[in-house]
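What follows is calculated from the coordinates using simple rules that are stated; it is not laboratory data. Being a predicted model, the structure only gives us computed values, none of them experimental. Positions of Cβ are generated from backbone atoms using ideal geometry, with glycine treated the same way; all protein chains shown enter the neighbour counts.
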Amino acid sequence: QVQLVQSGGGLAQAGGSLTLSCVIHGRAFSVYEVGWFRQATGKEREFLGRITWIAAETHYADSVKERFSISRDGAAQTVYLTMNSLKPEDTAVYYCAASRTYDAETEDKYDDWGQGTQVTVSS
């Protein structure tokens, strides 16, 4: 088990950028992938993308692949979600999560979750 602590987020203007951070505390070597999800009010949690911990390979949902990117700093045990060209519809609570499987794109494939961070995009 690992603990994920998120930071970043807050208020942004439409068209702007934000970067969220997710620090892994504990046995990061047990993590295969780190994913990012978001949940807007009244909607289901949405998968955004994932990064493999060892090779740093990334995969994105079609809805965000042109604007969002995921990276990681292995030494700092930190994964980042950089969001560009933000839109009001990007307003949501954003979560990072750790998986011990590959090709994890659904919530049930993730074992440990960050606390969530609010992102609000104003028009």
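For the stretch 1-108, the relative contact order works out to 35 percent when only alpha carbon pairs closer than 8 Å and six or more residues apart are counted.
With a cut-off of 10 Å between beta carbons, the residues surrounding A92 carry a summed charge of 0, where Lys and Arg count +1 and Asp and Glu -1.
Label sites at D73 and T19, each approximated as a point 7 angstrom past Cα along Cα to Cβ, lie 0.8 nm apart. Stretching K65 away from T120 to a fully extended chain increases their span by 17.9 nm, per 0.36 nm per residue minus the current alpha-carbon distance.
Once you compute Rg and the Kirkwood Rh from C-alpha atoms, what is the Rg to Rh ratio for the chain?
0.94
Put a dot 7 Å past the Cα of S7, heading toward its Cβ, do the same for A56, and the two dots end up 2.0 nm apart.
Distance from the alpha carbon centroid of the stretch 71-94 to that of the stretch 1-52 works out to 6 angstrom.
Determine the sum of side-chain charges near I70: Lys and Arg each +1, Asp and Glu each -1, restricted to other residues whose C-beta is under 14 angstrom from that of I70.
So the surrounding residues net to 0.
Stretched out straight at 0.36 nm per residue, the stretch from D111 to K87 would grow longer than its current Cα-Cα span by 5.7 nm.
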